[in-house]
Each structure stands twice: as structure tokens, then as C-alpha cells.
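Coordinate-derived values only; no laboratory data. This structure is a prediction, so every number in the text was calculated from the model and none was measured. Backbone-built Cβ (ideal geometry, glycine too); neighbour counts: all protein chains shown.
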Amino acid sequence: MTQWSDLPGYVSDKDGADMPTVTVERERIREACEYARDQLGFAMCVDVVATDYLEWGGKGVSGYIGTATGRDLNKPMTEGLQALPDPKPKRFSISYHVLGLRQGAPRVRLQCWASDGESVPSVVSVWPTCDWHEREQFDLMGIVFDGHPNLERLLMPEDWEGHPLRKDYPLGGEPVRFSDAV
Amino acid sequence: MADEQQEPITRLRDYGLQSERLLWPTKGPSRFEESLGVEELERALGITTLEKAVRWAQTKSMWPDTFGLACCAIEMMSIVSSRYDLARFGMEAFRSSPRQADLLIVSGRVAHKMAEPLRQIYDQMLEPKWVIAMGVCASSGGMFNNYTILQGVDRIVPVDIYIPFCPPRPEALMEGIIRLHEAHQAGIPPAYERNGVAT
Amino acid sequence: MSTVADKTKIYEGTRIPARVPTILDVPPELRDDEDVLQVNFGPNHPSTHGVLRLIVDLHGEEVVGASAVIGYLHTGFEKTMESKTYWKCVTYPERIDYVGYQNNELVFVLAVEQLLEMNVPTKATWMRMLLCELNRIHSHLIYLGTSALELGAISMFWYCFRERETILDLFELVTGQRMHTRYFQVGGLAEDIPTGFYPEARKFIEWMPHALDDYRGLLDKNQIWLERTVGIGKLSAADAIALGQTGPNLRASGVDWDLRRDAPYLHYDQVDFRVPVYPNGDVYDRYRVRMDEMAESNNIVRQCLDKLERMEGMPWIADDRKVVLPPREELHTSMESLIHHFKIVTEGFRVPAGEIYVAIESPRGESGCYLVSDGGPKPWRVHFRAPSFVALEATATCLRDTMVADLIAVVGSLDAVMGDTDR
């Protein structure tokens, strides 16, 4: 088994059903990616995803027993959770899914965490394919990647304001009757 | 002659058939013209108004513009294919240049980034021009009610025919096209004349 | 199996542009040249690729600079799906890659099922495999028809669409819809396989090799086709891996990698099929890979049919009533079924908290779904790894040393669907 603790900036790792998730310090993510590519043989970066965990678990635990603030008779289906999920260290997680092109198709998810406003070193010099992936996550989530040669909006128009995929950005569209029903 | 002063005989040249004027300017009415009245002449010759003839010609070769955006574009390509043959309507020539196209089939979801090119393409088309909003995304935004999809192209261009379904079967698209042909032949003006400038 | 010969010299001799990997910059000696003309191949253009915008610098007929602008079909799938329950979400992924639609459905449904740790009945997985392989043939037919059309082989369009109509008839027989079938459900299939499907499918797979021979006869040794595609738009193996290419684009560059064989999902480890790999990485090789893949998919469909014909009467959806709707007859007699039905329809089933990434081999390459769930009935974050998005990153590299007439050949051979690119 691979010793993930040799990765530069290693914080923790966790096994998952699909692949292990290795958490790395945000400032050293580029060195960790270089190590993964050169020493561990993960030749291809498949995807770069950022997730916004604002108000994670904010729905609270639901049920007809009652929520933390009492039972809301106007909203019996509070869409709440059955158990509070594990709290997350910071607002944004940036996951790099990498793949080794050899027997067994080993995959690993290198993950780092960032708060709003913190920038992440860009890994375009490690895997050139991350160019557009990082641009897309900058466009939609507002995460700034340090050292990216061309960090501009990719999917939204250039003069768009705001980062649509953030949790505090509204879905938009126009109000339709019953559109807030489940 | 007394006959001519009481009942003016309609002449073919009154209907625009001017060949006699050039060959024989002073020629009198022919036996054909003498034997018919005004209504008979129209029926006998199958004279139609210029507008009707022009409308017939326009419907029989209304060339679409290649404006395939998303999934509906694949179904639009399949009406050109041999099973749902669009060439029988004279419409298989999809013109890439909007200046040569008559019909804009907006097939697919229109993002706000694409709305400006769409309006530019519409403006570059020459009158008369028609717009078919193909599919629910073009008609009303479809299943995408969010920050990035225009909720119906009739917000930026005047639309003649809306075709629902997601995506419309090729037969549905052809029904829409045939209805457009029938409407135009019946004299219904294109949408920009009805709505004025697009809202 | 790995063709990454030496890990430390991964990008030696790369043709990827040095400054920005996805933008081909005009070389410095030509920057002030008056003969360099910047042309905009705008979002609406004669080729059938959808709304891709290429800003190209031309020196005479040679392409000296290129960059791709995308986003004209950005639909906000990911944000929209965050506000719908999992059941309603299944209709969205289909519209992402609107040519290989069932593959997107499959990847999302697999992700949800893995988070739920559900067991899906065998009949459903074999049928899913069959439909996805038919969809692969469908997607490659559209690629072939439209690419040939753009390079001037106009009659190929009509031949390919004739076969495509037969495949769509099969889809309609099974699911009721030609495109965007919404047949895969979390737990299995939405309905049982109707009678009459197996003979019709057999007729199709008996005919398909003849159709493929027709296409090969028209194009494989056609002098014009060869001159327009051989040696154009080369992508070396190292560059393809660096640029994240997967699927036919990667296999045409000489890298022997196919997720169906190397990381099998569904029942791909129980069927025999060959993976075509060609060494040169030009447009012609990508064409050959896709032609061979159509023949192999035909084979896989035949093997799936052999298995499925013996599975009459078996269940097509899982039994887990917390996730799957009960059959309607039960609602009249069983109180628990009624409550399950009510809860699933109004609130939606809950998926345990966690994150997962599932990847399959779609006709365009590796299509993946990254799903984060907070334990509620709606996804917290859904992200689709779009193979066309990554394929278009390679346009700048492939357009080195080409002429403007090859531009369309190269972009067509990368087989990018704009819905998949922009999501």
C-alpha cells in the first residue's frame, strides 16, 4: 500500500469506496502533485473540483419530533437531515482527481481546503490539462489559483459579476408557481 | 363603336401582360378579350395576385439557417436525413450565412452569452424572415430555470412557431414547418410585422 | 500496460504551447507582420460542431495562432441539480452530452447507487450495458456523418443517419423516447424490457457489419479522405496524457487505455472485446479507432443479447423500498408501500453523507461524476467530468503547423459536443 504520509504537506488520509482521499496543506499542493506524478506514477489529472461547504449541515436534523428551534407546522417536510454530517475545516475544498495509467487503474483524490479569499497554487505546470479546469473553478466558484498563466472567466460572459456555483449565489431564473416545491 | 363605349372591354394589358404593346401598339381587342367579362377573364387565365404567387414561391423554398445549439440540433439534422426527408419541401439547403437564409430554427437552449450572437444573426437576415423556436428550451427556457438560460427566445426575437417537446420528434418539427408554410400562404404576416420590433 | 515510459521525462519534446497550454501564440517573428489576419470562427458557423468559437490568426493559409472560447451553451446543470431531489435530477445529466445521453445518465445513477451501497439486479446491469453500447454506436455514427460532411464526403451523412434511425427505433421501442430516454433509474431500470426488443435488436446487429463495410469502402482508401486526414493534427502520446485526453483521442495516440477493460464497471469483465489502438495520433487514426469501436460495440451488444434473452421474468429494479418506488398494485393493499411511495415522491430518498467519484468510458472518453452528499434528499454538489471539455484543450496543440482547411478536420476529429463542454 502506498504510504501517503510521504507526500509533501500531508495532513491526513482516508479510504473511500471509490478511491483514497489525501488531504494536503493548501500552500504545498503543487509539490504534492509533483510528487504524485513523478514518484507515485499518477500520470494523468482527470478533474479539478471545488466544493463550497457554506452552511454545511445548516438544515439541521429534521423529523416530526422537532428541530432545534421547534416544529414548524408550515413546513412539515423540512428536508432536514437524519444526522448532522461531519463539520468541514474551511469553506472550500479543492479536490484533484488523479489517475495512474497502469494495472488496476489506481486513483487518488488530493484535497486541500481554503477559505474565501485564500488562493491556491496552480498546478498547470504539473499537468497542463488543469488549465481549463482551474479556470472553470475560478469562474464558477471564485477560487484564485496563484501562478495560473491565464486566469479568466471561461464559461460565463467576461463581464459577469459574481460566482454562480457558490452557495450564497441565487439560482436565478424567473419565479414560477410552485417552483420552490421539492 | 357604340358597343365599346357602353361596355369597356377589359384588356390583357390591364393585367400587366404587356407584350402586345411592344409588338403592335395600336392593336384592338382580340376575340378572346371581347367574349369575356372581367370575372371570366380572371378565372379563365388563372390570374392571381402578385402577393399570392410570391408567397407560394417563398413557402416552397424557405431556406433555414444553421443555428443548431444543443440536443434539438441533432433532431434537426435528422429531418435532413433520408427518413424524414426535408428536401421534399425544398428546405434541405441549410445556408450558413444568415444573409442567404429565410428561416431561423433556434434549436436548443440559449445561454445569456449566446443571446447576443443570436440577435446579431437575426438582424443580419433579410426580410421576409421567420423564426421557429424548436423545443421547450427555446420556447420558454425548458427545464432550466436558472441564472444562465434565457427563458424563451421570444424575449429577444419575434417567434412565429413554437414547437414543444424535449427534443421534438422530427415529425413534430415538420408539423411546425408545414403550419408555418400554411400560415404564410394564407397571408398571415411574419412575426416581426405583427409584434413590431421584438420586445 | 503503461506507455508512460519514463515518469521523469514525461513532457520531453512536447508540442504543447509553453505559455498557456490551451492557447497557440503567434510566434514573435510574425507578431508585427501585416500579413497576419485574425479571423473569428464565431459561435454560429457552417460546421456542425455547435457553439464553439475559435479565434484564429492566419498567415496566408497557415494557422499561426489559435484559441478556443467556450461557454456559449453553459446551462448551469450543476447548480440546478443542487435544488432538485435525486429522482428529478436523473433527467438533467442526459442533456449534458446530448449525443451519448445514456452514458451520462449511467454515470450519475452509478454514483448515487454507490453512495447508497445498493445492489442492482443483474438484468438491469446487462441492459444498461447494452443500451450504452448502442449509444456508443449512435455517437460514433453522428461523429462520422458530420465529420465526413464537413470534409466534403457529403453522402456519408445520409448513410450514417440511416443506421442512426434504426438505433433510435430500438431506443423508442424500449424506452418510449428517441433521445434523452431517462430509462436508467437509481436501483435499476424504470420499466421491464418490452417483448419484441430482442428480435429487433438482433436484426440490427446482423445488419450493422454490412453498414460498416459500406462506410469503410467509401472512406478507408479514398484518396481525398487520406490526403485530408493523414498526418493532420498530430497529438503524441505524452502530450495526450499531459492534456488529460481519454477515450478514442488517447487510443489514437498510441496509449492502450480503456476504462471498460482496465477498470471494469457493469459487466465488462464478462464480455470479450478488443480495444483498438493506433500509433500516429492524427485525424485518420482517430477515425479508424472510432470505426473499429463501432464494430466492437456491435460484438458487445450481441453478447449482452445472448445473456439477456435468458433473463426473462427476472427483476429489473432493486427491492429497496426506501429508494425505489413500490409496484403500483401493492399500494392498494400494503400500508408500508403507501408510506414509502409518499415519502419517496414528496421528500425524496436520502443518500448517506459522503463524496464519491465514478468514471465510465463514454464515447468521448472518460466521463465522470463527482457527487457530494450531506445526507439529505438533494445533492450538495454534483460535478461532471466532461471528456469534450478536455478534448478541446488539445485544439491548440493539434493546430500547430496546420492550414486553415485542416482546422475543421481537427476540431471534428476531437469529437467535442458543446453541451458536454459547457455543461
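Any idea what the relative contact order of the range B:55-195 is, in percent, if you count C-alpha pairs under 8 Å spaced at least 6 apart?
RCO, the range B:55-195: 25 percent.
Where the centre of each part is set by its Cα atoms, how far does the range C:49-124 sit from the range B:126-178, in angstrom?
Using only Cα atoms to place each centre, the spacing works out to 22 Å.
Work out the length of the dipole vector of the protein assembly as shown about its Cα centre, built from +1 on the beta-carbon of each Lys and Arg and -1 on the beta-carbon of each Asp and Glu, and round it to the nearest 20 debye.
For the protein assembly as shown, the charge dipole is close to 1180 debye.
Using just the helices of the protein assembly as shown, give the 222 nm mean residue ellipticity in deg cm²/dmol: DSSP H runs with n ≥ 4 each add -39,500 (n - 2.57), and the total is spread over all residues, rounded to 500.
Using -39500 (n - 2.57) per qualifying helix, the result is -11000 deg cm²/dmol.
Pick from C:GLY247, C:GLY376, C:GLY76: which is most flexible by mean-square fluctuation in a GNM of chain C where alpha carbon atoms under 10 Å apart are linked?
In the Gaussian network model the winner is C:GLY76.
Please arrange B:LYS129, A:LYS14 by counting, for each residue, the other beta carbons lying within 10 Å of its beta carbon, fewest first.
Exposure proxy ranking, most exposed first: A:LYS14, B:LYS129.
Please determine, in degrees from 0 to 90 and to the nearest 10, the orientation of helix C:122-150 with respect to the longest principal axis defined by the Cα atoms of chain C, where the helix direction is its Cα long axis.
On a 0 to 90 degree scale, this one is about 30.
Helix C:335-346 against the longest principal axis of chain C: what's the angle in degrees, Cα atoms only, rounded to the nearest 10?
30
What is the spin-label model distance, in nm, from B:ILE188 to A:ASP6 if the labels are put 7 Å beyond Cα along the C-beta direction?
7.4
Taking beta carbons within 10 Å but only from partner chains, what does the mean come to for residues C:235-243?
Mean number of neighbouring Cβ atoms from other chains: 3.
State the antiparallel share, in %, of DSSP beta bridges confined to the protein assembly as shown, rounding to the nearest 5.
Percentage antiparallel, nearest 5: 75.
Testing the spin-label approximation: label points 7 Å from Cα along Cα→Cβ at C:GLN38 and A:LYS90. State their distance in nm.
3.6
Per residue and in cubic angstrom, what volume does the convex hull of the Cα atoms of the protein assembly as shown have?
Convex hull volume per residue, Cα atoms: 226 Å³.
Once each part is reduced to its C-alpha centroid, what is the distance from the range C:321-338 to the range A:121-182 in angstrom?
Their Cα centres are 42 Å away from one another.
Please give the helix C:404-413 orientation as an angle from the longest Cα principal axis of chain C, in degrees from 0 to 90, rounded to the nearest 10.
Value to nearest ten degrees: 20.
Quick check of the Kirkwood formula: for the range B:55-195, what is the inverse mean of 1/r over all pairs of different Cα atoms, in Å?
The Cα-based Kirkwood calculation yields 14.8 Å.
When chain C is treated as a GNM, springs tying every alpha-carbon pair under 10 Å, which of C:SER47, C:SER334, C:SER413 comes out with the largest mean-square fluctuation?
Greatest mean-square fluctuation among the candidates belongs to C:SER334.
For A:LYS14, go through the aspartates and glutamates and keep the ones whose alpha-carbon is under 16 Å away, minus same-chain ones fewer than eight residues off.
Within reach: A:ASP6, A:GLU25, A:ASP86, C:GLU355.
For the range B:102-199, what proportion of DSSP beta bridges, expressed in % and rounded to the nearest 5, is antiparallel?
10
With Kirkwood's inverse mean 1/r over C-alpha pairs for Rh, give me the Rg to Rh ratio of chain C, two decimals please.
My calculation puts Rg/Rh at 1.00.
Between C:LYS221 and A:ASP38, what FRET efficiency comes out of the Förster formula 1/(1 + (r/R0)^6) with R0 = 45 Å and r the beta carbon distance, rounded to 0.05?
0.55
Across peptide A:127-138, what mean number of C-beta atoms from other chains lies inside 10 Å of a residue's C-beta?
For this peptide, the per-residue mean of nearby foreign Cβ atoms is 6.
Using the Kirkwood formula on the Cα atoms of the range C:89-172, what hydrodynamic radius do you get, in angstrom to one decimal?
Taking every pair of different Cα atoms in the range C:89-172, averaging 1/r and inverting gives 14.2 Å.
Can you give the relative contact order of chain C as a percent, counting alpha carbon pairs under 8 Å and 6+ residues apart?
Relative contact order for chain C comes out at 25 percent.
Using a 10 Å cut-off around each Cβ, can you sort A:ASP116, A:ASP47 from fewest to most neighbouring Cβ atoms?
A:ASP116, A:ASP47
I need the calculated FRET efficiency for the pair C:GLU336 and C:GLU61, taking r as the beta carbon distance and R₀ as 51 Å, to the nearest 0.05.
0.10
Please give me the summed charge of the neighbours of C:LYS322: other residues whose Cβ is under 9 Å from its Cβ, Lys and Arg +1, Asp and Glu -1.
+2
Which loop GluC sites (Glu not before Pro) in the range C:342-423, with loop taken from DSSP, have no more than 15 other Cβ atoms within 10 angstrom of their Cβ?
Answer in residue order: no site qualifies.
Using Cα centres only, tell me the gap between the range B:95-115 and the range C:225-281 in whole Å.
For the range B:95-115 versus the range C:225-281, the Cα centre distance is 35 Å.
May I ask you to derive the FRET efficiency for C:ASP214 and B:SER97 from their Cβ-Cβ distance with R0 = 30 Å, giving the value to the nearest 0.05?
0.35
Under 18 Å Cα-Cα from C:LYS123, which lysines qualify once same-chain neighbours fewer than 8 residues away are excluded?
List returned: C:LYS307.
Given 0.36 nm per residue, what is the gain on full extension from A:ARG102 to A:GLN82 after removing their alpha carbon distance, in nm?
3.1 nm
Check the straight Cα-Cα distances from C:LYS322 and name the lysines below 19 Å, setting aside those fewer than 8 residues away within the same chain.
Of all the lysines, those that pass the test against C:LYS322 - Cα under 19 Å, at least 8 places apart if same chain - are C:LYS84, C:LYS88, C:LYS343, C:LYS378.
Based on alpha-carbon positions alone, could you give the equivalent ellipsoid semi-axes of the range C:214-264 from the gyration tensor, as √(5λ), descending, whole Å?
With the √(5λ) rule applied to the range C:214-264, the semi-axes are 26, 16, 6 Å.
Fewest first, what order do C:VAL56, B:VAL157 take by the number of other Cβ atoms within 10 Å?
Ordered by Cβ neighbours within 10 Å, fewest first: C:VAL56, B:VAL157.
In peptide C:196-207, how many Cβ atoms from other protein chains are near each Cβ within 10 Å, on average?
Across C:196-207, the average partner-chain Cβ count within 10 Å equals 0.
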